[in-house]
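Below: the structure, in structure tokens.
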Amino acid sequence: MKIQDLQDGDLIFTVGSSEIAAAIRAATGSYSHVAIFFNGEIYHATHEKGVVNQDLSDFLQDEDVYDVYRYPAIDADAVFKRAEFHLGKPYNFSFYPQSDGFYCSEYIADILPIFDTIPMQFGDEKNLISDFWQEYYRDLGLAVPIGQPGTNPSQLAQSRKLIYKGELHD
């Protein structure tokens, strides 16, 4: 899919190469991040700055994969208003439900409320809770919220309400 074919409300899923991206994929599936496109910009929840909007060109990194999905029944104006409303909110580092702020798929599920929550997973091929997540939550001083209701990028991408449009290329 070409960049010029993006439409407002398109969801962009990424793989990511960071350690946390790998831990997310190991626990949940193919993707580690999700964002939404409006007016040439990307809206998403980031570790670094919380909920932000940025130019698409600043979002795209050469080494990543960008898969585009579309919700055909979207009310793009209403979703855009909700997306803008949350700008500046903090990142939800704990992934706990009802925490302040948002993690990426939590933000998307809030502004585009078509997704169900599922029990959160933090394992890998060997453990119910991977070493990465045990250390992550130990550093936060919190219990791992395994089984708590949540979302993840791979789960959102699997929704039958979305249509896969292809990998994004310039």
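Listed values, structure above:
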{"item": "Residue within segment 79-97 that is modelled with pLDDT under 95 and either part of a loop (DSSP other than H, G, I, E, B) or open to solvent by 30 Å² or more (accessible area, probe 1.4 Å) (or both) present", "result": "yes"}
{"item": "Close pairs from segment 147-170: first within 13 Å of S105 (Cα to Cα), partner among the acidic types (D, E) and crowded, with 18+ Cβ neighbours inside 10 Å, Cβ under 6 Å, at least 6 apart", "result": "T151/E106"}
{"item": "Meets criteria (at pLDDT below 95 and either of a type in the set (V, I, T) or touching a Leu at 6+ places or on another chain (Cβ under 6 Å) (or both)) for V34", "result": "no"}
{"item": "Residue list for segment 15-44, filter: touching an Asp or Glu at 6+ places or on another chain (Cβ under 7 Å), more than 20 Å from K161 (Cβ to Cβ) and surrounded by 14 or more Cβ atoms within 10 Å (Cβ to Cβ)", "result": "V15, G16, A26, A27, E41"}
{"item": "Flag if I146 is aliphatic (A, V, I, L, M) and in contact with a Lys or Arg (Cβ under 6 Å, 6 or more places away or on another chain)", "result": "no"}
{"item": "Residue tally, condition more than 16 Å from N152 (Cα to Cα), of a type outside the set (A, V, I, L, M) and part of a loop (DSSP other than H, G, I, E, B), over segment 1-20", "result": "6"}
{"item": "Subset of segment 52-69 (residues that are surrounded by 18 or more Cβ atoms within 10 Å (Cβ to Cβ), out of contact with any Phe, Trp or Tyr (no Cβ under 6 Å at 6 or more places or on another chain) and either β-branched (V, I, T) or outside any helix (DSSP H, G or I) (or both))", "result": "V52, Y66, V68"}
{"item": "Per-region count, segment 74-96, residues under 13 Å from E48 (Cα atoms) and not basic (K, R)", "result": "5"}
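Results for (1) part of a loop (DSSP other than H, G, I, E, B); (2) within 26 Å of I3 (Cβ to Cβ); (3) over 17 Å from the mean Cα position of the chain (by Cα), shown as yes or no for each residue.
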residue: E106; (1), (2), (3): no, no, no
residue: P113; (1), (2), (3): yes, no, no
residue: F132; (1), (2), (3): no, no, yes
residue: G147; (1), (2), (3): yes, no, yes
residue: Y164; (1), (2), (3): no, yes, no
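Residues checked against (1) of a type in the set (D, E, K, R); (2) open to solvent by 60 Å² or more (accessible area, probe 1.4 Å):
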| site | (1), (2) |
| --- | --- |
| A109 | no, no |
| P113 | no, yes |
| D116 | yes, yes |
| W133 | no, no |
| R138 | yes, yes |
| A143 | no, yes |
| S154 | no, no |
| I163 | no, yes |
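The values are calculated or read from the model by the stated rules, or taken from the named source; none is laboratory data. This one's a predicted model, so the numbers in the text were calculated from it and none came from an experiment. A quick note on method: Cβ atoms are made from the backbone with ideal geometry, for glycine too, and the neighbour counts reach across all protein chains shown. Ligands, DNA and RNA are stripped out before the accessible areas are found, and what is left, the full protein with its side chains, is counted by its heavy atoms. Shrake-Rupley method; radii C 1.70, N 1.55, O 1.52, S 1.80 Å.
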